[in-house]
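What follows is one structure encoded as structure tokens, with my remarks underneath.
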């Protein structure tokens, strides 16, 4: 009777080698995903350096400027978390979040918020014919999955520009407008139906200064490539329309081959000083 033990032994060895080739990469990828680092805060010094570099080529001040917040980098105190459902991961706001105001033309400016070193958003504003208007907003988010990272950039353009409030009259009337969004990592376009609601006048304590503000709430309904809703509260300074506080609650869904991927975000920030760094 022939001895079959060597054959079984080599079959066993081959099976173990095959299992090693299959499972070791999986274990490595899983380990890299588990030990990935959460993006740290964006430092104020880096934001100030970036502002100074951009301001060298910015539009010169215009004599026709009526109202606009002072340009520079403002510090803010923040807390919040953004998450995606698959691969399940999240990133936190920095404890200190730089808020940068850049002048972009007569009566126009942008407000950029660095929620952390991997997540930034910019709003483009103008003061036009007595109205504070939004021209659009832009977001860049980098997600670290251990072995690789993905950066998603999206833009929402409001055409015509959305009227947020009439600064010269009663602000109690709701404002509605539409913005069209595209993303470099999501096929198709997204339509955002925007409603701004006047909440009231509030005095916010910022570095022991009572800053008079106008409080608005934005409710967005998104359809198309992304679906869901967002609720964002804004507090603008009465004196110069500086954005001094924000609260955000977002829940969005995107199609994928494995089903809907859900993005959620809850957070807030408030300026720690109304004097900018330049």
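The values are calculated or read from the model by the stated rules, or taken from the named source; none is laboratory data. No experiment lies behind these values; they were computed from the predicted model shown. Cβ coordinates were reconstructed from backbone atoms using ideal geometry, including for glycine residues, and neighbour counts include every protein chain displayed.
Please state which one of 78, 118, 106, 129 is in contact with a strand residue (DSSP E or B) (Cβ under 7 Å, 6 or more places away or on another chain) and over 29 Å from residue 225 (Cα atoms).
Working: 118 fails: over 29 Å from residue 225 (Cα atoms); 106 fails: in contact with a strand residue (DSSP E or B) (Cβ under 7 Å, 6 or more places away or on another chain); 129 fails: in contact with a strand residue (DSSP E or B) (Cβ under 7 Å, 6 or more places away or on another chain).
Sole residue among the options that is in contact with a strand residue (DSSP E or B) (Cβ under 7 Å, 6 or more places away or on another chain) and over 29 Å from residue 225 (Cα atoms): 78.
Take the conditions in the same structural domain as residue 87 (by TED's automatic domain parsing), out of contact with any helix residue (DSSP H, G or I) (no Cβ under 9 Å at 6 or more places or on another chain) and at pLDDT below 95 and apply them to residue 151. Does it pass? Lay out the reasoning, then the answer.
On the way: in the same structural domain as residue 87 (by TED's automatic domain parsing): yes; out of contact with any helix residue (DSSP H, G or I) (no Cβ under 9 Å at 6 or more places or on another chain): yes; at pLDDT below 95: yes.
Judged against the criteria, residue 151 is a match.
Count, please, the residues in the range 108-122 that happen to be free of Cβ contacts under 8 Å to residues at least 60 places away in the same chain and crowded, with 18+ Cβ neighbours inside 10 Å. Full working, then the answer.
Taking the range 108-122 and keeping what is free of Cβ contacts under 8 Å to residues at least 60 places away in the same chain, we get 108-110, 112, 121-122.
Checking the rest, the ones that are also crowded, with 18+ Cβ neighbours inside 10 Å come to 108-110, 112.
Residues flagged as free of Cβ contacts under 8 Å to residues at least 60 places away in the same chain and crowded, with 18+ Cβ neighbours inside 10 Å within the range 108-122 amount to 4.
Please indicate, with yes or no, whether at least one residue in the range 82-91 is closer than 21 Å to residue 270 by Cβ, out of contact with any helix residue (DSSP H, G or I) (no Cβ under 9 Å at 6 or more places or on another chain) and either assigned by TED's automatic domain parsing to the domain that holds residue 262 or at pLDDT 65 or above (or both).
Initial filter on the range 82-91 (closer than 21 Å to residue 270 by Cβ): 82, 91.
In the following step, the residues that additionally are out of contact with any helix residue (DSSP H, G or I) (no Cβ under 9 Å at 6 or more places or on another chain) were identified as 82, 91.
The next check asks that each one be either assigned by TED's automatic domain parsing to the domain that holds residue 262 or at pLDDT 65 or above (or both); those that pass are 82, 91.
Yes: the range 82-91 contains one or more residues that are closer than 21 Å to residue 270 by Cβ, out of contact with any helix residue (DSSP H, G or I) (no Cβ under 9 Å at 6 or more places or on another chain) and either assigned by TED's automatic domain parsing to the domain that holds residue 262 or at pLDDT 65 or above (or both).
Going by what's in this entry, would residue 182 be described as modelled with pLDDT under 95, touching a strand residue (DSSP E or B) at 6+ places or on another chain (Cβ under 6 Å), part of a strand (DSSP E or B) and surrounded by fewer than 17 Cβ atoms within 10 Å (Cβ to Cβ)?
On the way: modelled with pLDDT under 95: no; touching a strand residue (DSSP E or B) at 6+ places or on another chain (Cβ under 6 Å): yes; part of a strand (DSSP E or B): yes; surrounded by fewer than 17 Cβ atoms within 10 Å (Cβ to Cβ): yes.
The answer is no for residue 182.
Taking residue 214 as the residue in question, decide whether it is touching a strand residue (DSSP E or B) at 6+ places or on another chain (Cβ under 7 Å), surrounded by fewer than 20 Cβ atoms within 10 Å (Cβ to Cβ) and in the same structural domain as residue 120 (by TED's automatic domain parsing).
Spelling it out, it is not the case that residue 214 is touching a strand residue (DSSP E or B) at 6+ places or on another chain (Cβ under 7 Å), surrounded by fewer than 20 Cβ atoms within 10 Å (Cβ to Cβ) and in the same structural domain as residue 120 (by TED's automatic domain parsing).
In this structure, is residue 143 within 19 Å of residue 177 (Cβ to Cβ) and either crowded, with 17+ Cβ neighbours inside 10 Å or more than 14 Å from the chain's Cα centre (by Cα) (or both)? First the steps, then the outcome.
Details: within 19 Å of residue 177 (Cβ to Cβ): no; either crowded, with 17+ Cβ neighbours inside 10 Å or more than 14 Å from the chain's Cα centre (by Cα) (or both): yes.
Here the answer is no, as residue 143 does not meet what is asked.
Determine, yes or no, whether residue 277 is touching a helix residue (DSSP H, G or I) at 6+ places or on another chain (Cβ under 8 Å) and either without any contact (Cβ under 8 Å) to a residue 40 or more places away in the chain or within 21 Å of residue 95 (Cβ to Cβ) (or both). Spell out how you get there, then give the answer.
Working: touching a helix residue (DSSP H, G or I) at 6+ places or on another chain (Cβ under 8 Å): yes; either without any contact (Cβ under 8 Å) to a residue 40 or more places away in the chain or within 21 Å of residue 95 (Cβ to Cβ) (or both): yes.
It is true that residue 277 is touching a helix residue (DSSP H, G or I) at 6+ places or on another chain (Cβ under 8 Å) and either without any contact (Cβ under 8 Å) to a residue 40 or more places away in the chain or within 21 Å of residue 95 (Cβ to Cβ) (or both).
I'd like the residue in the range 135-163 that is in a strand (DSSP E or B) and in contact (Cβ under 8 Å) with a residue 60 or more places away in the chain and, out of all such residues, is farthest from residue 194 (Cα to Cα). Talk me through it step by step, then tell me what you get.
Of the range 135-163, the ones in a strand (DSSP E or B) are 135-144, 149-163.
Those left that are additionally in contact (Cβ under 8 Å) with a residue 60 or more places away in the chain: 142, 144.
Details: 142: 26, 144: 31 Å.
Per the stated criteria, the residue is 144.
Take the range 95-115 and flag every residue that is at pLDDT below 95 and either within 17 Å of the chain's Cα centre (by Cα) or part of a loop (DSSP other than H, G, I, E, B) (or both).
Listed by number, the residues that qualify are 95, 96, 106, 107.
Could you list, in sequence order, the residues of the range 248-259 that are farther than 15 Å from residue 185 by Cα and surrounded by fewer than 17 Cβ atoms within 10 Å (Cβ to Cβ)?
Listed by number, the residues that qualify are 249, 251, 258, 259.
Hey, can you tell me all the residues within the range 219-237 that are under 18 Å from the mean Cα position of the chain (by Cα) and surrounded by fewer than 15 Cβ atoms within 10 Å (Cβ to Cβ)?
Residues satisfying the conditions are 221, 229, 231.
So in the range 238-269, with the set limited to residues that are under 22 Å from residue 67 (Cβ atoms) and part of a strand (DSSP E or B), which one is nearest to the chain's Cα centre (by Cα)?
Applying the filter and picking the extreme gives 246.
Looking at (1) modelled with pLDDT under 95; (2) within 20 Å of the chain's Cα centre (by Cα); (3) farther than 18 Å from residue 248 by Cβ, which is the only condition residue 72 fails?
(1)
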